[in-house]
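Chemist: Take a look at the following structure, please.
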Amino acid sequence: MPVGPGSGRPVRSDPLDCPAMTATSTTSTPTTTSTAAQPASSSGEGRVPRTYHVRTLGCQMNVHDSERMAGLLESAGYRRAQDVPEAVARATPAGDGGADVVIVNTCSVRENAATRLFGNLGQLAAVKRERPGMQIAVAGCLAQQMGQGIVERAPWVDVVFGTHNLDVLPALLERARHNEAAAVEIEESLQVFPSTLPTRRESAYAAWVSIAVGCNNTCTFCIVPSLRGRQRDRRPGEVLAEIEAVAAQGAIEVTLLGQNVNSYGVGFGDRGAFARLLRAAGAVEGIERVRFTSPHPAAFTDDVIEAMAATPTVMESLHMPLQSGSDRILRAMRRSYRSERFLGILERVRERMPRAAITTDIIVGFPGETEEDFAATLEVVERARFASAFTFEYSPRPGTPAADLVDQVPQEVVKERYARLDELVRRITHEENTAQEGRVVEVLVAEGEGRRDAATARVSGRAADNRLVHVALPAGLEAQDRAGGAPRPGDMVTVRVTHGAPHHLIADSAQCGEPLSAQQAAVNAALAPGDRVWLDDGPALFEVRRTRAGDAWERRQAEACAAPEPDTAPVAIGMPTIRLGAPGSR
Ligand code: SF4
């Protein structure tokens with residue numbers, strides 16, 4: 001499902017089976033220790049470690065790759081810009097974070113990705129002119145696709161590296177500084193499996209764990225196979241060792257990550273490997289929630305359903321990309337399942353897990369799509385009863401086979417169909433969420449899930465089925481009052497759903513049991529629906545379970561507060577040693 005571990009932020013906005021798109025910055029505690037050598041900031045004349053800031057565009061693969069870039073840079077002595085007040089103070093709207101080194105981790109899935117990248121690079125150029133020694137690096141799928149072309153169009157870019165060679169980032173930065181010339185390195189195939197690289201994880205309580213990279217499919221709308229290469233699987237032992245490691249560091253949730261997780265094991269001759277991996281991951285001590293993304297309907301087998309149903313820690317949520325309900329269009333997309341098979345999977349999942357929340361991706365207006373094809377999509381959506389759907393207007397992406405098809409659907413037709421699909425999805429998801437009212441759910445409290453939390457005195461997180469839940473605190477309890485019983489990010493809170501909105505749930509059961517006064521009711525009625533208090537006739541319910549993950553989050557906060565000020569940091573003495581309209585939050 002389209003949610004970053006722990007961040008829980010709704011992130012899917014690409015039309016791929018591959019994990020979702022987002023724009024975020026890498027921010028969290030390193031799982032690596034820094035080497036002694038520290039690159040010096042120009043602004044500190046050798047005394048201030050250079051700072052970095054990673055801007056991430058794109059899918060969960062990119063988010064996880066950004067965690068690795070951050071880990072690599074910290075191992076090389078760089079510091080996260082947001083931890084250095086001097087850097088924060090000079091941050092600009094260009095998205096530089098005030099850093100000495102800004103990495104833009106790009107995605108080429110979105111329309112006009114290159115146009116937007118160069119627009120952003122233009123803004124960063126203006127910042128660079130005012131900040132001597134600043135370096136700009138471009139990574140990710142667009143870098144893989146364009147390579148040297150990026151430097152040709154934006155000569156102020158210092159470093160370009162691709163999806164297959166993340167490990168070279170610190171070395172390329174140093175080479176560019178030393179040579180005073182751009183350093184560009186693009187590899188055609190994977191050099192170092194990314195999971196072996198240092199990682200600064202974004203969340204203290206939940207972690208991405210990559211099980212495979214690349215994809216062997218050839219969906220005609222997708223650029224991923226040509227940029228990420230063929231699928232490479234990690235051995236199960238390595239995956240489990242990483243899960244054990246993140247559990248030991250405090251994480252209680254893991255999301256297994258791959259472009260097509262159901263094909264996991266094909267590389268080492270074990271077609272049942274993914275189901276076995278799920279069971280084993282679910283048995284790792286300390287792990288309470290296992291998720292995975294993304295499966296492919298063609299490769300989804302019943303042994304995976306059995307593993308999900310039989311492993312209590314594997315959550316009852318499934319992101320199953322439909323893309324189209326028309327068999328003719330699925331064929332044109334080179335997606336080898338058909339709509340009845342797709343619906344059959346959902347039926348079997350629900351037989352074994354009646355509460356499973358199933359989400360999807362759908363593309364509207366693929367070349368050649370007729371009104372009849374589109375009607376087939378609407379029919380499948382109606383029958384599938386998705387908990388949420390990420391819908392996309394098709395637009396040709398350079399480098400994909402579908403971009404060259406002649407029967408492109410006119411934009412106005414695409415937009416009109418998109419509006420109809422959106423309306424249907426919204427009605428169904430609202431109905432499905434309304435059906436959750438009265439359910440008692442355990443919510444893993446997250447950071448950054450509810451933009452209105454401070455204003456509405458709520459905390460937010462994900463239920464076991466991955467639905468986003470905004471949870472009212474008991475009257476008078478401040479979110480920061482941990483001693484008073486407020487949950488920390490990473491803690492679990494048991495509440496009752498009191499309202500189902502189209503894209504989220506509200507659980508205000510902490511304040512149930514007492515009717516609103518007339519005055520409170522008047523105030524409530526004047527608020528926007530998402531800000532209102534939603535009470536039901538049941539008793540108050542708000543139970544906090546403090547977890548190891550909450551402890552880990554608290555430790556991380558304390559460590560961040562205790563970070564040395566820049567002017568007391570060690571003197572830098574040399575070169576570094578080190579050579580990845582979504583619905584949801586309010
Ligand atoms: S080619 Fe692979 S990554 Fe792209 S949509 Fe198809 S299955 Fe997903």
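The values are calculated or read from the model by the stated rules, or taken from the named source; none is laboratory data. Computed from a prediction, not measured in an experiment: that's the story for all the values here. No Cβ is skipped: glycine too gets one built from the backbone with ideal geometry, and neighbour counts run over all protein chains shown.
Chemist: Could you go through region 402-414 and let me know if any residue there is in a strand (DSSP E or B) and either modelled with pLDDT of 95 or more or not assigned by TED's automatic domain parsing to the domain that holds Ala114 (or both).
Modeler: Looking for residues that are in a strand (DSSP E or B) and either modelled with pLDDT of 95 or more or not assigned by TED's automatic domain parsing to the domain that holds Ala114 (or both), one finds none in region 402-414, hence no.
Chemist: Of (1) part of a strand (DSSP E or B); (2) in contact with a Ser or Thr (Cβ under 8 Å, 6 or more places away or on another chain), Glu447 satisfies all except one. Which?
Modeler: Looking at each condition in turn, Glu447 falls short on (1).
Chemist: What number of residues within region 72-116 satisfy the criterion of being surrounded by 24 or more Cβ atoms within 10 Å (Cβ to Cβ), more than 20 Å from the chain's Cα centre (by Cα) and over 14 Å from Val54 (Cα atoms)?
Modeler: Residues that pass the stated criteria total 3.
Chemist: Out of (1) surrounded by 17 or more Cβ atoms within 10 Å (Cβ to Cβ); (2) in a helix (DSSP H, G or I), what's the single condition that is false for Leu318?
Modeler: For Leu318, the failing item is (2).
Chemist: List the residue pairs whose Cβ atoms are under 6 Å apart, where the first residue sits in region 198-219 and is more than 30 Å from Met333 (Cα to Cα), the second is assigned to a strand (DSSP E or B) and away from the ligand (no atom under 16 Å from the Cβ), and the two are 6 or more positions apart or on different chains.
Modeler: Arg200/Pro30; Arg201/Ala207; Ala206/Glu253; Ala207/Val254
Chemist: Can you name every residue in region 431-462 that is buried (at least 24 other Cβ atoms within 10 Å of the Cβ) and not β-branched (Val, Ile, Thr)?
Modeler: Answer for region 431-462, where residues must be buried (at least 24 other Cβ atoms within 10 Å of the Cβ) and not β-branched (Val, Ile, Thr): Leu444, Ala446, Glu449, Gly450, Arg458, Ser460, Gly461, Arg462.
Chemist: Is it true that some residue in region 382-401 is surrounded by fewer than 19 Cβ atoms within 10 Å (Cβ to Cβ), closer than 20 Å to Glu347 by Cα and more than 24 Å from the chain's Cα centre (by Cα)?
Modeler: Scanning region 382-401 turns up at least one residue that is surrounded by fewer than 19 Cβ atoms within 10 Å (Cβ to Cβ), closer than 20 Å to Glu347 by Cα and more than 24 Å from the chain's Cα centre (by Cα).
Chemist: Hey, among the residues in region 251-263 that are more than 10 Å from Val209 (Cβ to Cβ) and at pLDDT 95 or above, which one's farthest from the ligand (Cβ to nearest atom)?
Modeler: My answer is Ile252.
Residue by residue, here is whether (1) under 27 Å from Asn524 (Cα atoms); (2) within 25 Å of the chain's Cα centre (by Cα) holds:
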residue	(1), (2)
Lys415	no, no
Arg426	yes, yes
Glu432	yes, yes
Ser460	yes, yes
Asn466	no, yes
His470	yes, yes
Glu478	yes, no
Pro489	no, yes
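Chemist: Only one of these is within 16 Å of the ligand (Cβ to nearest atom) and surrounded by fewer than 21 Cβ atoms within 10 Å (Cβ to Cβ): Ala310, Ala298, Ala280. Name it.
Modeler: Among Ala310, Ala298, Ala280, only Ala298 is within 16 Å of the ligand (Cβ to nearest atom) and surrounded by fewer than 21 Cβ atoms within 10 Å (Cβ to Cβ).
Chemist: In region 500-523, what residues are in a helix (DSSP H, G or I) and exposed (fewer than 15 other Cβ atoms within 10 Å of the Cβ)?
Modeler: Residues satisfying the conditions are Ala518, Gln519, Gln520, Ala521, Ala522, Val523.
Chemist: Quick one: count up the residues across region 434-444 that are more than 20 Å from the chain's Cα centre (by Cα) and assigned to a strand (DSSP E or B).
Modeler: Of the residues in region 434-444, 3 are more than 20 Å from the chain's Cα centre (by Cα) and assigned to a strand (DSSP E or B).
Chemist: Additional query: Mind checking which residues of region 204-231 are touching a strand residue (DSSP E or B) at 6+ places or on another chain (Cβ under 9 Å) and at pLDDT 90 or above?
Modeler: Tyr205, Ala206, Ala207, Trp208, Val209, Ser210, Ile211, Ala212, Cys219, Phe221, Gln231
Chemist: Got a number for residues in region 201-215 being under 26 Å from Thr106 (Cβ atoms) and away from the ligand (no atom under 16 Å from the Cβ)?
Modeler: Selection size over region 201-215: 7.
Chemist: Looking at (1) within 16 Å of the ligand (Cβ to nearest atom); (2) buried (at least 21 other Cβ atoms within 10 Å of the Cβ), find the lone condition where Arg334 falls short.
Modeler: Unmet for Arg334, out of (1) within 16 Å of the ligand (Cβ to nearest atom); (2) buried (at least 21 other Cβ atoms within 10 Å of the Cβ): (2).
Chemist: For region 219-248, which residues satisfy the criterion of being within 30 Å of Tyr205 (Cβ to Cβ) and buried (at least 19 other Cβ atoms within 10 Å of the Cβ)?
Modeler: Selection gives Val224, Arg228, Gln231, Asp233, Arg234, Pro236, Val239, Glu242, Ile243, Val246, Ala247.
Chemist: Something else about it: For region 285-324, give me each residue that is of a type outside the set (Asp, Glu) and out of contact with any strand residue (DSSP E or B) (no Cβ under 8 Å at 6 or more places or on another chain).
Modeler: Across region 285-324, the qualifying residues are Gly286, His296, Pro297, Ala298, Ala299, Phe300, Thr301, Val304, Ile305, Ala309, Ala310, Pro312.
Chemist: Does region 288-300 include one or more residues that are part of a strand (DSSP E or B) and polar (S, T, N, Q)?
Modeler: yes
Chemist: Looking at Ala281, Ala248, Ala275, which is the one that is among the small types (Gly, Ala, Ser), closer than 25 Å to Arg548 by Cβ, modelled with pLDDT of 95 or more and over 21 Å from the mean Cα position of the chain (by Cα)?
Modeler: That would be Ala248, the only listed residue that is among the small types (Gly, Ala, Ser), closer than 25 Å to Arg548 by Cβ, modelled with pLDDT of 95 or more and over 21 Å from the mean Cα position of the chain (by Cα).
Chemist: For a quick check of your reading: which strands (runs of 3 or more DSSP E) sit entirely within region 1-110 and have at least 2 residues that are more than 16 Å from the ligand (Cβ to nearest atom) and at pLDDT 90 or above?
Modeler: 51-58, 101-106
Chemist: Take the residues in region 216-237 that are under 22 Å from the mean Cα position of the chain (by Cα) and under 15 Å from Phe274 (Cα atoms), then tell me which one is nearest to the ligand (Cβ to nearest atom).
Modeler: Filtering region 216-237 for residues that are under 22 Å from the mean Cα position of the chain (by Cα) and under 15 Å from Phe274 (Cα atoms), the one nearest to the ligand (Cβ to nearest atom) comes out as Gln231.
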